[in-house]
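Down below is the structure, laid out as structure tokens.
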Amino acid sequence: MSTDGSDAKGAGTTATDTGAVKLPGPAAGGKKRTTPPRPAPKSGRPAARTPGRAAPQRGGRRPGRTTPRRVRLTVSRVDPWSVMKIAFLLSVAIGIAMVVMVAMLWIVLKGMGVWDNINDLLRTLETNGKSFDIMDYVGFGRVVSLSVVIAVVDVLLMTAFATLGAFLYNICSSLVGGVQMTLSDD
């Protein structure tokens, strides 16, 4: 037995200002203490308790928060690879929407007769007798093809600029600490 009242193998007590305190440790004989398993509930279903939540109090009401919980987070680094993937997908979606929008706009203008009115106006202004057709320059195939080319260039540029922006953000956030956000649940 040692001077503090414990044997060398087991848990002992230590003296404090208020009295003796039992220290945790193995039980006598050097074996670890284990708690006996809890008996299963009588209903046949295991008891469903969510960790971190208090058990219901009397009256069936749980203690609730009176104010919303707020968490302050700092975005200190953005992964450039994930930014590139997301920017690529979003820019492809924007490119497809742009091509569809141009095609629909051309069809609406054709249905309203705008191209025919422009042809009539240009023919009245023409003096040397040549026949001019605006559809040679702004036909449906040419307009949609040009919008597809612009959409592809747009996809490449938006992806590159977003990835470059992620790299620049990481450099700036290492200098100043990043963007701080406060999130709350209402």
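Read-outs: derived from the displayed coordinates by stated rules, not from any lab. Keep in mind it's a predicted model, so treat the numbers as computed, not measured. When we count neighbours, we look across all protein chains shown, and the Cβ atoms used for this are built from the backbone with ideal geometry, even at glycine.
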Relative contact order (percent, whole number), segment 75-174, Cα cutoff 8 Å, 6+ residue spacing: 60 percent
Amide H contacts of V78 (H built 1.01 Å from N, under 5 Å, at least 5 apart or other chain): N170
Counted charge near L109, where neighbours are those whose Cβ lies closer than 15 Å (Asp, Glu -1; Lys, Arg +1): 0
